[in-house]
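Inspection log for the structure reproduced underneath, given as structure tokens.
Values in this text are rule-based calculations from the coordinates and carry no lab data. Computed from a prediction, not measured in an experiment: that's the story for all the values here. Here Cβ is always computed from backbone atoms with ideal geometry, including for glycine, and neighbour counts include all displayed protein chains.
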Amino acid sequence: MSEKHVLLGMELPELKALLTQLGQPAFRAGQVMAWLQKGVPFEEMSNLPKALRETLRETCIDLPMNIHQAFPSSKDDTVKFLFSCIDGNMIEGVLMHYHYGYSLCISTQVGCKMGCAFCASTLNGCVRSLTSAEMLSQVLLANRFLGERGHVGHIVLMGSGEPLDNYDHTVDFLRKVNAEDGLNISLRNISVSTCGLVPQMNRLAEEGLPITLSISLHAPNDRIRRQIMPIANTYPIDQLMTAVRAYVQKTGRRVVFEYALIDQLNSRPEHARELASLVGGMQCHVNLIPLNHVDERSLRPATPQAVQQFLKTLEERHVSATVRREMGSDIGGACGQLRRRVLSGEAEE
Ligand code: SAH
């Protein structure tokens with residue numbers, strides 16, 4: 001990482017101290033802060049003297065990330081971003097347009113070490129975790145990209161990485177993106193997705209953050225889950241469900257179970273029945289996702305008929321469930337697909 005100070009994400013007193021060191025009046029800190037919250041780079045901070053803009057450019061970093069490339073979908077309003085970090089690492093984000101506004105899917109790590117068998121993000125392991133400023137940057141850059149068209153109102157932490165494996169920065173990001181003098185995005189509009197790191201889920205329950213917790217379940221029992229999610233060897237389903245129940249109890253928030261439907265493996269009627277008895281009666285919603293096919297993986301999506309049958313079986317058992325609409329499939333919508341294509345040279349201009 002660069003030696004320069006990254007200003008985005010700094011608290012106001014810290015920023016004031018830094019600007020005082022540069023011989024500036026304290027009120028400049030507020031000005032810089034206001035620009036940074038809009039994702040504006042130093043050279044465009046028009047109410048700062050030119051010389052100060054120059055000094056800041058030489059000694060500090062405004063946003064620790066840039067949009068390397070934006071890939072608009074030809075099928076819908078979805079845009080996939082390839083963001084570049086200062087150290088040259090690349091991560092992905094996806095901007096989706098819903099009837100309620102713009103939602104951004106952000107990454108929390110460069111790669112992932114969880115090793116799920118269906119996921120592209122984890123194929124090269126985890127390079128490093130992102131800082132909270134890097135997570136904020138993704139939102140600010142998407143807002144800049146949208147300009148007059150609108151702004152990000154919802155965020156999902158479902159890009160590459162395991163948010164709870166980067167716990168402190170994730171929680172810091174959540175507080176900062178919600179700050180009144182920051183982007184002020186409601187925590188109720190933010191979903192954090194985890195493969196099920198039980199100790200961190202217990203910790204998160206105590207933070208007083210009314211986010212929506214999504215749990216990537218993907219199997220109704222340990223036998224199947226272990227075949228596709230190595231984390232199931234560390235935290236079996238009964239421990240996971242105990243943590244989920246405690247989370248609901250503590251926060252009063254409904255949780256979401258993510259369930260990717262894979263041909264034969266976890267999508268048969270008996271699996272739906274088993275899932276219904278596992279989560280039945282809980283304050284939860286099941287999000288069914290037809291598996292996104294990843295070239296490097298041999299797993300196939302369940303057929304549309306199997307998906308509908310699965311949904312029906314859950315509904316008959318009074319489990320709240322929906323099938324997630326597929327968006328941006330032509331631009332490598334599934335986690336980690338775009339970054340991989342770029343790493344292998346396929347998507348470069
Ligand atoms: N590490 C976190 C968040 C990132 S993945 C987690 O595991 O929840 C976001 C969601 O996409 C998870 O539910 C993940 O299991 C799912 N996912 C990953 N690859 C997928 C694929 N090929 N098809 C469908 N869903 C996938």
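Under the simplified labelling scheme, the HIS97-GLU14 pair shows an inter-label distance of 3.6 nm, with each label point 7 Å from Cα along Cα→Cβ. With a Cα cut-off of under 24 Å and a minimum spacing of 8 residues unless on different chains, the lysine pairs in the chain number 13. Computed about the Cα centre, the dipole magnitude for region 59-131 is approximately 200 debye when only Lys and Arg (+1) and Asp and Glu (-1) carry charge, each at its Cβ. Under the convention that each Lys and Arg Cβ holds +1 and each Asp and Glu Cβ holds -1, the size of the dipole of the chain around its Cα centre is about 680 debye. Karplus-based coupling profile of region 272-287, in residue order and whole Hz: 5, 5, 5, 5, 4, 6, 5, 9, x, x, 8, 7, 8, 10, 9, 9, with θ = phi - 60° in 6.51 cos²θ - 1.76 cosθ + 1.60 and x standing for Gly or Pro. The equivalent ellipsoid that matches the C-alpha gyration tensor of region 85-160 spans semi-axes of 24, 15, 8 angstrom, in descending order. Mean-square fluctuations from a GNM of the chain, with a 10 angstrom spring cutoff on Cα atoms, peak among GLY208, GLY150, GLY125 at GLY208. For the chain, DSSP calls about 45 percent of its internal beta bridges antiparallel. For the options ALA219, ALA133, ALA34, a Gaussian network treatment of the chain with springs between C-alpha atoms closer than 10 Å singles out ALA34 as fluctuating the most. Using the Karplus curve 6.51 cos²θ - 1.76 cosθ + 1.60 with θ = phi - 60°, work out ³J(HN,Hα) for each residue of region 12-17 in order, rounded to whole Hz, and write x for Gly and Pro. Calculated HN-Hα couplings, in order: 4, x, 5, 5, 4, 4 Hz.
Taking Cα pairs under 8 Å and at least six residues apart, what relative contact order does region 1-137 come out at, in percent?
The normalised contact order for region 1-137 reaches 18 percent.
Please tell me the relative contact order of region 138-193 in percent, rounded to the nearest whole number, where contacts are Cα pairs under 8 Å and at least six residues apart.
The normalised contact order for region 138-193 reaches 38 percent.
Take every Cα pair under 8 Å whose residues are at least 6 apart in sequence, average their separation, divide by the length of the chain, and the relative contact order is 14 percent. Principal-axis analysis of the Cα atoms of the chain puts helix 50-59 at an angle of about 50° to the longest axis. Here the chain was treated as a single set of alpha-carbon atoms; its pair distances binned every 20 Å from 0 give 30, 55, 14, 1 percent.
Treat region 117-182 as a sphere of radius equal to its Kirkwood radius over Cα pairs and apply Stokes-Einstein at 10 °C in a medium of 1.306 mPa s; give the translational diffusion coefficient in µm²/s, rounded to a whole number. Estimated via Stokes-Einstein, D reaches 119 µm²/s.
Any chance you could run the full-extension gain for LYS312 through GLN249? It's 0.36 nm times the residue separation minus the Cα-Cα distance, nm to one decimal. Intermediate values should be presented prior to the final figure.
Numbers: separation 63, 0.36 × 63 = 22.68 nm, distance 2.80 nm.
Between LYS312 and GLN249, full extension yields an extra 19.9 nm.
Relative intensity of region 220-274 on a log10 scale, I(q)/I(0) at q = 0.15, 0.24 Å⁻¹, equals -0.51, -1.04, per a Debye sum over C-alpha point scatterers of equal strength in the absence of solvent. Distances between placed amide hydrogens fall under 5 Å for ASN266 paired with no residue 5 or more residues away or on another chain. Here the Karplus curve 6.51 cos²θ - 1.76 cosθ + 1.60, taken at θ = phi - 60°, turns the phi angles of region 136-147 into couplings of 4, 4, 4, 5, 5, 5, 5, 4, 4, 4, 5, x Hz, with x standing for Gly and Pro. Could you tell me which residue out of SER132, VAL156, PHE83 lies farthest along the dipole of the chain toward its positive end? Charges go on the beta carbon: Lys and Arg +1, Asp and Glu -1, centred on the Cα centre. Projecting each Cα onto the dipole axis, the largest value belongs to VAL156.
Only Lys, Arg, Asp and Glu carry charge here, each on its Cβ (+1 for the first two, -1 for the last two); on that basis region 1-105 has a dipole of about 220 debye about its Cα centre.
Of the residues SER277, LEU197, LEU15, the one whose Cα sits farthest towards the positive end of the charge dipole of the chain is SER277 (charges of +1 on Lys and Arg Cβ, -1 on Asp and Glu Cβ, taken about the Cα centre).
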